[in-house]
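This report concerns only the one structure given below.
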Amino acid sequence: MPPISTASVAIDLGSSVITTVVGGRNEHGRLHILGVGQSPSAGIEAGQISHVSRAAGAIRHSIEQAESSAAREILSVGIAVSGAHLQSMNNRGAVALPSSGEPIRDADLVRAIDSGRAVTINASSTLLHAIPRCYVVDSERRSFDPRGQHGQRLDVSMHLVTASQSAIQNAAHCIQNAGVDVELIAAKPVVAAERAVRGDEKEFGVLVVGLDAGTTTLTAFEDGAISHTSAIQIGTSHIARDLSIGLHCTSEEARRVMHLYGQAVPQLVPDDAADIELRGFSPGSGNSQSAHPSFVAEIINARVSEIISMISARITEHQLQQAVAGGVVLTGSGAMLGGVDLLFSKAMESPARVAGAGDLYGLTDRLSRPDALGAVGMLDWMLDSSDVIQPNRNRATSRSPDSAGSMFSSIASGVAGLARVFSPNS
């Protein structure tokens, strides 16, 4: 096994599956996965904690699997959270540069960032990410890393992501109840999108759509940097519910049919396709215990088309047409539906592709699918965070139950979002 840097542990608190990933960077700087744990979600709905003890139990099970496969004890983790409570805004900060003739330094960037993140937010929300989009020197020279340049004024364009304070506290509380410490908290749409997109896509513009179980998330990139983050409270669990009703079967069977036979474009289903045998069929419904794949596809198509309509409304509301023109990248469990990329491409008149987790080494079997990007992206983000200087900001070290308030204040005040503080396009 090639040398591995200090390992980190990331957890994606998904509404259908909780995924724990242990890994570090190899000698070539690429992710090497040392351990993976996955457990069916419990106590998590639409990306938020609905039952603390059930969620903590499911988290603990996922962690134990990861500990077993990695052959090491897990003491602290970073968590990727989602939910319709995530919101974003863009803000601008500016500072005067010293007249001593010295070039721009780290301290100047930090002052500019502090200026750009100084916004008033709702009392029930917290600033989860403060990500510099780009810098401008003397109102004329745009740069992703202005260090070493000379000037009189430094501006920074910031992308700020806020989250519900109670949702973040509940997530952190569940992690602690599962017996581990909280190291970082980040927004799943942000970390998954950063892992999913390529540098050229960021530059030309791209919209990342996370088709997760409880939510559909949007993350836009324009002119090389992130410009929008939000979530809609509808996801693949609604598709499974539609199938359960339409096929008169149990919710569990509906999810199985969706995962194994899910097709978003009915026209792609062959006329001679064999019927799908349904298990756990509801007695007394008067219907056969099978369904033709085209009927299943029609049900899926109707709900996915509704989701696309809601996305289109969000695009118009936030003027994200430039991002969409560059393409659409699909992540999450819904991205595995057959033909879903074709459906998005046609509806949005833009190229669409299903994302992968990128170059991974080690235990990668369960992480190559688009629904693993939340955990892999969080691990990637954590490893980047550990390599970046963060002056005047301490990562939380106090983890006792009595210090939950201070722990939350330290972690969720934007520290996770400063992983690329000095070079936002890295």
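A few comments on the model shown:
- Net lengthening on full extension, Arg72/Ile245 (0.36 nm per residue, minus Cα-Cα): 57.9 nm
- Accessible surface area normalised per residue over the stretch 52-165 is 44 Å², counting heavy atoms of protein chains with a 1.4 Å rolling probe.
- Against the chain, whose longest principal axis comes from its Cα atoms, helix 236-247 is set at around 10 degrees.
- Rounded percent of accessible protein surface that carbon and sulfur make up, the chain, 1.4 Å probe: 47
- Nearest-ten-degree value, helix 373-386 long axis tilted from longest Cα axis of the chain: 20
- DSSP beta bridge pairing in the chain, given as percent antiparallel to the nearest 5: 75
- Looking at the stretch 185-242, the trypsin sites (Lys or Arg not before Pro) that sit in a DSSP loop and have at most 13 other Cβ atoms within 10 Å of their own Cβ are Arg198.
- Under 5 Å, built H, 5+ apart or other chain: amide partners of Thr250: Ser282
- The angle separating the long axis of helix 251-261 from the principal Cα axis of greatest extent in the chain is about 80 degrees.
- The residues of the stretch 285-359 have, on average, 45 Å² of accessible surface per residue, using a 1.4 Å probe with all protein chains present.
- Shape call, the stretch 30-95: gyration tensor on alpha carbons, a/c limit 1.5: oblate
- Amide proton proximity set for Gly14, modelled H, under 5 Å, gap of 5+: Thr19
- Karplus-based coupling profile of the stretch 326-338, in residue order and whole Hz: x, x, 10, 10, 9, 10, x, 5, x, 5, 8, 5, x, with θ = phi - 60° in 6.51 cos²θ - 1.76 cosθ + 1.60 and x standing for Gly or Pro.
- Residues whose amide H comes within less than 5 Å of that of Arg133, counting only those at least five positions distant or on another chain, are Ser157, Met158, His159 (H built at 1.01 Å from N in the peptide plane).
- Rounded, prolate or oblate (a/c below 1.5 giving rounded, otherwise prolate when a/b exceeds b/c) for the chain by Cα gyration tensor: prolate
- Prolate/oblate/rounded label for the stretch 1-145 (Cα gyration tensor, a/c 1.5): oblate
The values are calculated or read from the model by the stated rules, or taken from the named source; none is laboratory data. If you're wondering where the values come from, they're calculated on a predicted model, not measured in any experiment. Glycine gets a Cβ as well: all are built from the backbone with ideal geometry, and neighbour counts include every protein chain shown. In case anyone asks, the SASA skips ligands and DNA or RNA and just uses the protein heavy atoms, side chains included. Shrake-Rupley method; radii C 1.70, N 1.55, O 1.52, S 1.80 Å.
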